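Notes for the one structure printed next.
The values are calculated or read from the model by the stated rules, or taken from the named source; none is laboratory data. Small disclaimer: the values here were computed from a predicted structure and weren't measured. Counting neighbours? That spans all protein chains shown, and the Cβs are built from the backbone with ideal geometry, glycine included. For the accessible areas, the whole protein counts, side chains as well, though only heavy atoms, and no ligand, DNA or RNA atoms are used. Shrake-Rupley method; radii C 1.70, N 1.55, O 1.52, S 1.80 Å.
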Amino acid sequence: MSESIARGLEGVNVTATKLCRIDGIKGELIYSGYDIFDLAQNSTFEEVAFLLWNLRLPSAAELASLKATLLSERNLSDLNSRVLTEIVGQIRPMRALEMAVITAGALDKNSSDLTNSQLKQTAARLTAIMPTVLARFHRLRQGLEPVPPRDDLGHSANFLWMLNGREPNALEQRVFDVAMILHAEHEMNASTFSALVTASTLSDMYSAIASAIGTLKGPLHGGANEAVYKLVEAIGSEQNIASHVEALLARGERVMGIGHRVYKTTDPRAIILEKLGHELAETSPDRKYFDLSLKLRDYLARKLEGKPLYPNVDFFSASVYKMLGIPSDLYTPIFAMSRITGWTAHLLEQYADNRLVRPNALYEGASNRPYTPITSR
Ligand SMILES: CC(C)(COP(=O)(O)OP(=O)(O)OC[C@H]1O[C@@H](n2cnc3c(N)ncnc32)[C@H](O)[C@@H]1OP(=O)(O)O)[C@@H](O)C(=O)NCCC(=O)NCCS
């Protein structure tokens, strides 16, 4: 056995997948053979969910059936609603998501049924409840009445409706749906891996997803989109960009939304979000965040010239979400609300071909110590 350590498992293939391929040099992101630009242009979030769970695009009848399932699973259980009401002032929204997933698992008598059809049902259920949990959480914490889901709205549009109590216009619906498509899947990463580790013990999908949410919550993973918003807000106006960035880099800090472990060119998702940002900005009262992001991007391109540091998905998602009226502490939970499809798709692969994840650790501690009774220590 090798005595080397793969710190952070960097460069280690932990499994094979048919779900997603990233080419970080060319800036390509492919979901099960389909280019992300094609999916963003032509698909819907529900179609992408089907693609990830079935490795092919749905027929019209299959899509209608999935949409019906998502509609039927949107409402929260009484227990989940009561838990949220009870605790809303004491927790942040990522914790609310974790709790909702655990509560849903507690109520599911079939939670330990790991057959493919049951797992797909659970995947759809979790995908369906997440928007309701987040919107309800946000309404309750503002002292507002929760807005019930609307059956005539698609998955993404219904979330904006429940969150803001206002029906999003056609552009807002499309932009948010595309943002959901862009965040749905990203090959292997910390949260997906933690879901796989939990599932590899043959623990259930609810626990595996709770693990993933807990892992995504950390600022080194899913928290960057909120951090970009805070950065842009702190910069405030164009004339402060240079001094703010200089000071930040001098402190050894990083510019949020820039750089990526895999992409050594602009993240394709950032290209798509920038284009959508331009469309939203035409009518948005909050366009100043987007405009400032563009100026910041241009400044950084000059400042970091020669380094492989380019905007990643979080760079423009922050100002796009702002223009959609979404509060910044929901940016990471929205990431989870989309990525639930990718996580559960990877879990379908894992359960179908499971091997317990059980790595080793190199022991570096003391040896041959004589045991001292507590009275003599
Ligand atoms: C995403 C990230 C963690 C990837 O980092 P990584 O692959 O481990 O890259 P490294 O930490 O090896 O950095 C390589 C060099 O680029 C610099 N760098 C990387 N990201 C940077 C950033 N956002 N701002 C400024 N400098 C950065 C590092 O300081 C390092 O410089 P050096 O070689 O002079 O020491 C990193 O780019 C980052 O922290 N970005 C900001 C957070 C973010 O947007 N995360 C969301 C990712 S989708």
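A few remarks follow.
- When each full DSSP H helix of the chain is screened for a Cα extent of at least 30 Å along its own axis and an average Kyte-Doolittle hydropathy of at least 0.0, the helices passing are 331-352.
- For q = 0.12, 0.13 Å⁻¹, Debye-computed log10 I/I(0) when each Cα of the chain counts as one equal scatterer: -0.93, -1.08
- For the chain, the carbon plus sulfur part of the accessible surface works out to 51%, probe radius 1.4 Å.
- For q = 0.21, 0.23, 0.24 Å⁻¹, Debye-computed log10 I/I(0) when each Cα of the range 317-377 counts as one equal scatterer: -0.93, -0.98, -1.00
- Reference-scaled alpha-carbon Rg (2.2 N^0.38 Å with N residues) for the range 134-218: 1.35
- Applying both filters, DSSP loop and at most 13 other Cβ atoms within 10 Å, to the GluC sites (Glu not before Pro) of the range 107-203 eliminates every site.
- When the chain is treated as a Gaussian network with alpha carbon springs shorter than 10 Å, the biggest mean-square fluctuation among Thr15, Thr132, Thr44 belongs to Thr15.
- When +1 charges are put on Lys and Arg Cβ atoms and -1 charges on Asp and Glu Cβ atoms, the dipole computed for the chain relative to its Cα centre reaches about 920 debye.
- Farthest positive-ward along the range 224-323 dipole, Cα basis, beta-carbon charges - from Gln239, Thr265, Tyr299: Thr265
- Those trypsin sites (Lys or Arg not before Pro) in the range 133-212 that DSSP places in a loop and that have at most 15 other beta carbons within 10 Å: Arg150, Arg166
- From largest to smallest, the equivalent ellipsoid semi-axes obtained for the range 49-156 from the alpha-carbon gyration tensor read 26, 17, 11 Å.
- Rolling a 1.4 Å probe across the protein heavy atoms gives the chain an accessible surface of 49 Å² per residue.
- Rounded if a/c under 1.5, otherwise prolate or oblate - the range 224-323, Cα gyration tensor axes: oblate
- Restraint check, Lys275/Lys303; Lys264/Lys303; Lys120/Lys217, Cα-Cα greater than 21 Å: Lys275/Lys303; Lys120/Lys217
- Loop-located trypsin sites (Lys or Arg not before Pro) in the range 312-364 whose Cβ has at most 15 other Cβ within 10 Å (DSSP): Arg355
- Listed residues Ala123, Ala247, Ala16, most fluctuating in the chain (Gaussian network, C-alpha, under 10 Å): Ala247
- Taking the empirical scaling 2.2 N^0.38 Å for compact globular proteins as reference, the range 188-241 has a Cα radius of gyration ratio of 1.64.
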